[in-house]
Structure formats: structure tokens, C-alpha cells
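The values are calculated or read from the model by the stated rules, or taken from the named source; none is laboratory data. If you're wondering where the values come from, they're calculated on a predicted model, not measured in any experiment. In this analysis, Cβ positions are derived from the backbone assuming ideal geometry, glycine residues included, and neighbour counts consider all displayed protein chains. Each accessible area value is taken on the protein alone, full model and side chains, heavy atoms only, with ligands, DNA and RNA left out. Shrake-Rupley method; radii C 1.70, N 1.55, O 1.52, S 1.80 Å.
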Amino acid sequence: MLDHNHLATYFDRRHFLKGALAGAALAGAGLFEGTAAADPTPKEKKRTKACILLWMSGGPSQIDTVDPKPDAAVEIRGEFRAINTTVKGVRFCEHLPHLAKQADKLAIIRSMNTTDGSHERATYHMKTGYPIAPGLDHPEMGAVIAKYLGDPKSKLPGFVSLGAGGIVRKQPSEGFLGPAYQPCVLASLDDALGGEIKKVCDLSKEWPKYKDIYGDTVFGRNCLAARRFVESGVPFVEVKLDGFDAHSGIAEIMKVRLKTLDPAWAGLVRDLHDRGLLESTLVVWMGEFGRTPKINRGLGRDHWMRGWSVVLAGGGIKAGLTYGATDKTGMAIKENPVTEGELLATIYTALGIDPQSKNPAGGENIPLVPEGSKPIKALLA
């Protein structure tokens, strides 16, 4: 359900204190009354950049998605075949056929080298660029992007999180940036209040046309809603899909998850491209870590931090390439390891945000990413 406390505080700070909603009640249909959520045409004036994060809670297997190892032993490659994509030499799991057709629009990092193996700590690290530190709550990338790219006059939040569940129960956080950048958390599109946000979440006119593109699932609907939020000026939208913590029976689990993921992810990239929005919208696909190359005794894969995959598309990122690589077994990184901080530095730079920008917290000025975390130039357009 909707996080009403976050939402009320958000609008209290972003609008009431700034005078935009002075004297207005922060509840009900009147909360978001204002500019209609139009269906913008592709040929508009130059748009502010935005980011859509497809968050795969639990940690998806890189080998069973975008970095198959078809020449490895069966206990590593698993039962899935590798299929060709629109990029020569780049192969995906057979259960990503729609995405394989969009590979020329993607940049695939195959060499993530991260440090945290627990779900909560790894989620925090991947979304903030920093490890958990006592007494200091770093802002997630959504809050950062909302601050630097958001419109303070907008009647929509700058940070929207869609979807329920997940391994980590903690909600997305604005950290030390403060309540002005809190996310609007919608477990379901039906949880949207009235007014502007309700209009964006109302898919009744578009869904009959787009359900075959995105897939007729909750995740597919949320991905279409993410596109609508971006069109309406929201700079950051997270769409969550859980169920990837496959310590046993991974083949059957992944068949089900990829049946949902494949059309929605591919459909989002295709839809953004066709509307002329992919150039200004960065789509990020990732979880908190990857999964072990070797299948365990329970026919699953465990947590893995050395040599897993993240995928970027659009918004300032080069397309149709891979960056980094692991060996033929997936056990070791061969080239270009990437840290959490380097990934976020790349994301921020692609969006036009200086990753070394600083904000005050605990008597210090804290950069958006750890000192020394540089963007990956080879990925930047």
C-alpha cells in the first residue's frame, strides 16, 4: 500500500514550505490537482534527463540472464541455451528472446566486483554507492537524482518507487538529503491518491494497446507507468521485481521470473526508443549482487559478488556493447572490474550530475560517491 507518511512529508517540504501549496490540505484528491498527465508526443523540446531503475530484488543470476557460459561444464552453464542477439558476439539466455532483439540499445557490464554478500547491506551499497556506516544514512540514487534533476514546482514527486515485496523490507530512503526528497512508494498502482499522480497511474486508455508489448503482468503495468511518470517530468522511477533469491531449484524459478521480466524490460526500452525518450532516459537493470557460477547441491545458485552483471540503456550511455568480462567459467574477472561507486559515478555522469558534488551530513560534506570513484568513460556517449 501507499506510504502515506512519506508522501505527506514529501509534499509538506516540497510545496507547503515553499508556498506552492500553502493552506492546502495534504490529503485526498486535492493533493495532486493541477497539470494533467498528458500523453506527450515524441517531438517535444529538449527534455531533462531521467532514470528508470529496474530493481531485481534477491540478486538475479548473470549466467541465466545476460552472461551465459555455453562452453562451461553443465554445473555452471545450467540447463538453459544461449541465443544470439542483435549485437554480434553477444548472447543472452534463451528465456530473454524479446530483450535479445533490443541488445543493440544496451550496454552490458559483465564485471561487477562488489563487497557485500547480505541482502540488506548489498542493497544499501548498490543504491547509495557506500557501505552501511553507523550513524550516517546515505541517500539512494533516486533521492540524489530527484534533488539534482527534479522540478521543485512540479505537482508530482521527484522519486517514485513502484512494486511490492522483496528480500529487503526497508523502504527506499532519502537519507541525509532530507524529507524533501522522500520517495512516493506505491505497492500497487491502485494505491495512488487522486489528482495528478492518479492520472499518471491510470493505464486504462493505454494498456489495451501496450499489454502485448510489456506483457500482461503487474511488472509490465508498472514499467508502462514508469514511462508515463518520466513523460510527466518525474526524474527517477524505481520498478521492483522480486523472487531472484534462488538458492534451490533455480531453473524453474528463472523460467517464471524471466517470462515476466523479458517482455516488460524489452518493451520499456522499445517504447522509450519509439517515442524519442530513450535518449533522455537512462534505464538501469540490476539487483544487489549476482549468483554463484556453480550450481549447488540444491540445484540453485548462492550469493556472488565477483563478476556479475548490470545493464544500462539510453540517457547518455553508449549502446550495443559489453564492458568487462569473466573467464569461461564465470569464476574470475578477466578485465575491467567495476565497483558500486564507479557504477553510480557513471550513472550520475550520464545524467549530467557531477558525482563528486557534496552535501552536508554529520558536520562533513559528503560526495555523492566515495572519493576516487570515477565514471567509466568507455560507457559514456
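Take the conditions without any contact (Cβ under 8 Å) to a residue 40 or more places away in the chain, of a type in the set (Asp, Glu) and surrounded by fewer than 19 Cβ atoms within 10 Å (Cβ to Cβ) and apply them to ASP302. Does it pass?
It is false that ASP302 is without any contact (Cβ under 8 Å) to a residue 40 or more places away in the chain, of a type in the set (Asp, Glu) and surrounded by fewer than 19 Cβ atoms within 10 Å (Cβ to Cβ).
Any residue in segment 361-381 that's touching a residue at least 40 places away in the same chain (Cβ under 8 Å) and polar (S, T, N, Q): show its pairings with residues that are open to solvent by less than 40 Å² (accessible area, probe 1.4 Å) and not in a loop (DSSP other than H, G, I, E, B) at Cβ separation under 7 Å, as long as the two are six or more apart or on different chains.
Pairs found: SER373/GLY341; SER373/ALA345.
Being farther than 30 Å from ALA378 by Cα, of a type outside the set (Phe, Trp, Tyr) and open to solvent by less than 30 Å² (accessible area, probe 1.4 Å): is that true of GLY129 here?
Against the criterion (farther than 30 Å from ALA378 by Cα, of a type outside the set (Phe, Trp, Tyr) and open to solvent by less than 30 Å² (accessible area, probe 1.4 Å)), GLY129 does not qualify.
Mind checking whether some residue in segment 81-91 is of a type outside the set (Gly, Ala, Ser), on the phi < 0 side of the Ramachandran plot, open to solvent by less than 60 Å² (accessible area, probe 1.4 Å) and under 17 Å from the mean Cα position of the chain (by Cα)?
So far as segment 81-91 goes, no, none of its residues is of a type outside the set (Gly, Ala, Ser), on the phi < 0 side of the Ramachandran plot, open to solvent by less than 60 Å² (accessible area, probe 1.4 Å) and under 17 Å from the mean Cα position of the chain (by Cα).
Can you tell me which residue among LEU99, LEU156 is farther than 17 Å from ARG291 by Cβ, out of contact with any Gly (no Cβ under 7 Å at 6 or more places or on another chain) and in contact (Cβ under 8 Å) with a residue 12 or more places away in the chain?
Unique residue meeting the criteria: LEU99.
Kindly indicate whether ASP116 is surrounded by 15 or more Cβ atoms within 10 Å (Cβ to Cβ), closer than 30 Å to ALA378 by Cβ and more than 16 Å from the chain's Cα centre (by Cα).
For ASP116, the condition - surrounded by 15 or more Cβ atoms within 10 Å (Cβ to Cβ), closer than 30 Å to ALA378 by Cβ and more than 16 Å from the chain's Cα centre (by Cα) - is met.
Which ranges mark the strands (runs of 3 or more DSSP E) fully within segment 253-372 that have 1 or more residues being in contact with an Asp or Glu (Cβ under 8 Å, 6 or more places away or on another chain), closer than 30 Å to ARG228 by Cα and not hydrophobic (A, V, I, L, M, F, W, C)?
Once the strands (runs of 3 or more DSSP E) in segment 253-372 are filtered for at least 1 residues that are in contact with an Asp or Glu (Cβ under 8 Å, 6 or more places away or on another chain), closer than 30 Å to ARG228 by Cα and not hydrophobic (A, V, I, L, M, F, W, C), what remains is 306-314.
Only one of GLY215, GLY243, GLY233 is open to solvent by 30 Å² or more (accessible area, probe 1.4 Å), in contact with a helix residue (DSSP H, G or I) (Cβ under 7 Å, 6 or more places away or on another chain) and at positive phi. Can you tell me which?
The match here is GLY243.
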